[in-house]
Amino acid sequence: MATALGVRLVRKVSSTRLFAKVAPHVVPALDRGVHRLTRGRVLLSARMLPGVILTSTGARTGRPRRTPLACMPGEDGRSWVLVGSNFGRPGHPAWTHNLLAHPEASVSWKGRDVPVTARLLTGEERAVAWRALLAFWPPYAVYQARVEREIRLFRITRNPG
């Protein structure tokens, strides 16, 4: 488990422009590699924030795309909120386009593959989720301040069965 000092340090570092420049190239590659080597049991970035590996269908290619993402687990135990922050860089991340085109996906959560359906949050539902996310991980406010676009939020929900 992360220490309070460690969490504060990671929050501070993750809010920097240098992190936004470097992390998108390093963090996902490390996460994918470690996740594969441990057969889905370990996700490095999940040491500070809960995380999933999202498998979505490419919006243009139709091919499976695996993306490590931080998430905020829902209180119901059946859903998660995914944040299309793109580390505070311009442009929506590709995985958000994929979920808009193909909302049926799966996540690897704690070593298990879970089929899910994604839904873009809008209006008051988005506002409520955004407030909860800022309490959960304050650097998201810095990411939003850097970009003109509204950061996309998705609720992914475990499929019945």
Please list 3J(HN,Hα) in residue order for region 135-143, calculated via the Karplus relation 6.51 cos²θ - 1.76 cosθ + 1.60 where θ = phi - 60°; whole Hz, with x for glycine and proline.
5, 6, 8, x, x, 4, 5, 5, 4
Spelling it out for Asn159: with amide H atoms placed in the peptide plane at 1.01 Å from N, the residues 5 or more places away or on another chain with amide H under 5 Å from its amide H are Val116, Thr117
Amide hydrogen neighbours beyond the local backbone of Gly58, cut-off 5 Å, H modeled
Arg63, Arg65
Accessible-area value, Asp113, 1.4 Å probe, nucleic acids and ligands omitted, Å²:
120
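Determine the equivalent ellipsoid of region 88-129 by diagonalising the alpha-carbon gyration tensor, then write out the semi-axes as square roots of 5 times the eigenvalues, largest first, rounded to whole Å.
Semi-axis lengths for region 88-129 are 21, 15, 12 Å.
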Estimated vicinal HN-Hα couplings, Hz - region 92-100 in sequence order (Karplus 6.51, -1.76, 1.60; Gly, Pro = x)
6, x, 4, 4, 5, 5, 4, 5, 5
Compute the distance in nm between two label points, each set 7 Å from the Cα along the Cα-to-Cβ direction, one at Leu134 and one at Thr57.
3.6
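The values are calculated or read from the model by the stated rules, or taken from the named source; none is laboratory data. Remember, predicted model here, so these are calculated numbers, not experimental data. Cβ atoms come from the backbone with ideal geometry, glycine included; neighbour counts cover every protein chain shown. Side chains are part of the model used for accessible areas, which takes the heavy atoms of the whole protein and leaves out ligands, DNA and RNA. Shrake-Rupley method; radii C 1.70, N 1.55, O 1.52, S 1.80 Å.
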